[in-house]
1. All but one of (1) closer than 23 Å to residue 198 by Cβ; (2) touching a strand residue (DSSP E or B) at 6+ places or on another chain (Cβ under 9 Å); (3) touching a residue at least 12 places away in the same chain (Cβ under 8 Å) hold for residue 258, so report the exception by its number.
2. May I ask you to verify whether residue 356 is modelled with pLDDT under 95 and under 21 Å from residue 307 (Cα atoms)?
3. Looking at 369, 302 in this structure, which one is in the same structural domain as residue 441 (by TED's automatic domain parsing) and farther than 30 Å from residue 429 by Cα?
4. Got a sec? Which strands (runs of 3 or more DSSP E) wholly within the stretch 100-214 have at least 2 residues that are more than 30 Å from residue 237 (Cα to Cα) and assigned by TED's automatic domain parsing to the domain that holds residue 69?
5. Tally up the residues in the stretch 77-101 that are at pLDDT below 85 and closer than 21 Å to residue 194 by Cβ, please.
6. Where the second residue is surrounded by fewer than 23 Cβ atoms within 10 Å (Cβ to Cβ) and part of a strand (DSSP E or B) and the first is in contact (Cβ under 8 Å) with a residue 60 or more places away in the chain and lies in the stretch 440-455, which pairs have Cβ atoms under 6 Å and are six or more apart or on separate chains?
7. So if I check each of 313, 284, which one is touching a strand residue (DSSP E or B) at 6+ places or on another chain (Cβ under 6 Å), assigned by TED's automatic domain parsing to the domain that holds residue 406 and surrounded by fewer than 19 Cβ atoms within 10 Å (Cβ to Cβ)?
8. How many residues does the stretch 287-305 contain that are buried (at least 22 other Cβ atoms within 10 Å of the Cβ) and more than 21 Å from residue 369 (Cβ to Cβ)?
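The values are calculated or read from the model by the stated rules, or taken from the named source; none is laboratory data. Note that the coordinates shown come from a computational prediction; the quantities given were computed from them, not determined experimentally. All Cβ positions, glycine included, derive from the backbone under ideal geometry; neighbour counts span all protein chains shown.
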């Protein structure tokens, strides 16, 4: 275990690090983050004895660092600094071989078979063995970084210190390097302490984060607690947003530029245009809307300016719905990346458009058919359907800024309003004979301009929720009326 207790120090009597304390356990990865000049690299140098402490203590397994010789420190700690020496044209093998120096006895010791085995394994684990006899200066930056990592691994350290190890590396090398380090913490019980500038990489690969500000310890905790929006904004003096990673339980930090394309836009729902045909309805916008939806194309959160509702026949079935739909959109000259798109077997001309002015302006579009209406409370009694056709599709455009909570609440409010409309229109589940709450394949999209007033909430009695509920209820009722009128006319 590495223990750092109230350490302070710096250069020329100027404190670069002041009263920092933490412990790191075997098999743990600690990321050190903070703006330029916050003392990250200085702290790292203190840990391996490169800078003497003005005060405090650093110990390894409760033994003070200053009691170790430099050679014994090198047996415990390996360092991968920002800038590695390349004075001579060493081969890869020569560089890796230097890692065995702390384990040699005397000035003229030769490498043993065990040394060779350790070196070979290190080169294989870092994927540099295939060019072991190449000159170091013939390699790319990423390859050199792996060579120096192999040298550090050859030391067989308990603790590995890295100062911006991903600096100047492309994405694939960054991920490969950090994946390898993470694997070593588990397979070798290696302790890793890494200075990282990229907050997202730090959050993804660190078990804990140490945040420094002006040489002082600002926070020390799990990434989810340290990478908090207000705290980071105060330390980095920059506007940031925090979201959650799509596939792992870690935060993601995004930058907020002072200039945005949205700032030049004169947003208005009046700028939306509706193109309506028998096969397709498209609402087009000159600017992007932040959307949250269950659409076939553009599901989840995204930014879109084309909103397509496509009519398909009831017997529509393909093996890859998304691929077929993307091909369809491309044929229709729509940019798939800019498009949120749904499909329905309902007749598009039965659709309803509702506009509500005020605080905020809202525009709702709904298509509805009830051939597969279902009572959600009894859905477990019905056979699952592979049909991908959305029967009640709803789009809600809001001229305002929504929080993520507001998006979720608007979805709930709209769903409640839709269910009430079905109840008032006496729509039944044909299989159970009970009141329907929706259909088996409903889709919903919520789009916000992300300009103007901010709405924290979208529940049914909030100012935004009241507008959403009213407009969604009216649109569903109107679409169902159109559906019934046409059904009667077709008889």
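1. (2)
2. On the way: modelled with pLDDT under 95: yes; under 21 Å from residue 307 (Cα atoms): yes.
It is true that residue 356 is modelled with pLDDT under 95 and under 21 Å from residue 307 (Cα atoms).
3. Among 369, 302, only 302 is in the same structural domain as residue 441 (by TED's automatic domain parsing) and farther than 30 Å from residue 429 by Cα.
4. Numbers: elements: 159-163, 191-195, 208-213.
Hits in the stretch 100-214: 159-163.
5. Number satisfying all stated conditions: 5.
6. If the second residue must be surrounded by fewer than 23 Cβ atoms within 10 Å (Cβ to Cβ) and part of a strand (DSSP E or B), the pairs left are 448/290; 450/290; 450/401.
7. None of the others qualify; the one that does is 284.
8. 5
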